[in-house]
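These notes are about the structure you will find just below.
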């Protein structure tokens with residue numbers, strides 16, 4: 001067997017219940033055949049999963065559906081995932097799961113034989129191309145945005161608390177946001193403003209108004225990009241106010257595509 005054929009498949013497990021994650025990881029370690037599956041990372045919800053996906057690449061993902069915050073279906077609609085499977089106690093979401101591109105749908109409590117068959121199917125399934133992934137997301141995003149519109153009649157705002165007051169800022173006037181611990185910052189009115197949300201939360205909330213994650217610590221309003229600067233493999237975006245924001249190597253080609261380059 002060649003080195004490429006025997007290379008382990010890196011898996012991400014996303015489930016809000018730690019015992020369920022541990023059990024699935026243990027069962028994946030018992031699946032026979034090659035290439036084997038190794039659990040490379042775990043996440044307790046969709047937001048944490050987004051961070052894991054930014055940090056590393058995976059071959060497979062096993063997602064719970066019902067989780068607090070961003071659930072499995074929302075994650076599948078809004079993130080670029082590898083081949084993925086839903087592992088859930090609910091049997092009424094299979095159609096929705098396959099509509100967002102799931103390779104399989106497993107019901108808890110999961111049997112080893114069922115998981116073995118699923119992994120074999122994953123081994124034989126062709127990994128979707130970037131174009132196929134983008135087509136899946138293109139079909140899913142209008143539904144996600146319609147659901148968001150149904151729950152809010154106003155455009156998204158950036159809320160900044162100051163004492164007993166909360167000021168609201170229009171994100172279309174913001175060039176970029178960056179991470180600081182569990183918060184996000186942006187510049188407005190000549191000063192740094194602090195938002196009590198993580199970049200992962202803002203990434204989902206602002207996706208419909210032109211913001212794109214260009215780096216694990218930066219979210220950029222693409223409408224305010226005025227120039228690109230490259231030096232070797234490094235890429236930076238220049239904004240209207242002259243600020244330069246670095247782009248990660250993993251995101252460079254996608255950022256250029258979204259800017260029409």
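Annotations
- The listed residues are 227, 207, and the only one of them that is outside the structural domain of residue 80 (by TED's automatic domain parsing) and in contact (Cβ under 8 Å) with a residue 60 or more places away in the chain turns out to be 207.
- Hits in the stretch 197-235 (condition: assigned to a loop (DSSP other than H, G, I, E, B) and within 20 Å of the chain's Cα centre (by Cα)): 197, 198, 206, 210, 216, 217
- Pairs linking a residue in the stretch 115-126 that is assigned by TED's automatic domain parsing to the domain that holds residue 8 to a residue that is assigned to a helix (DSSP H, G or I), with Cβ atoms under 6 Å and 6 or more positions apart or on different chains, are 115/27.
- Test: residue in the stretch 246-254 that is surrounded by fewer than 16 Cβ atoms within 10 Å (Cβ to Cβ) and more than 25 Å from residue 57 (Cα to Cα): no
- Applying the set (1) without any contact (Cβ under 8 Å) to a residue 24 or more places away in the chain; (2) more than 17 Å from residue 119 (Cα to Cα); (3) buried (at least 19 other Cβ atoms within 10 Å of the Cβ) to residue 19 leaves exactly one unmet item: (3).
- Inter-residue pairs, beta-carbon under 7 Å, first in the same structural domain as residue 185 (by TED's automatic domain parsing) and touching a residue at least 12 places away in the same chain (Cβ under 8 Å) and in the stretch 236-249, second outside any strand (DSSP E or B) and exposed (fewer than 14 other Cβ atoms within 10 Å of the Cβ), 6+ apart: 249/233
- Residue match in the stretch 162-179 (condition: in a strand (DSSP E or B), surrounded by fewer than 16 Cβ atoms within 10 Å (Cβ to Cβ) and either at pLDDT below 85 or within 25 Å of the chain's Cα centre (by Cα) (or both)): yes
The values are calculated or read from the model by the stated rules, or taken from the named source; none is laboratory data. As the structure is a computational prediction, the values presented were derived from the model and not from experiment. All Cβ positions, even for glycine, are placed from backbone atoms using ideal geometry, and neighbour counts span all protein chains on display.
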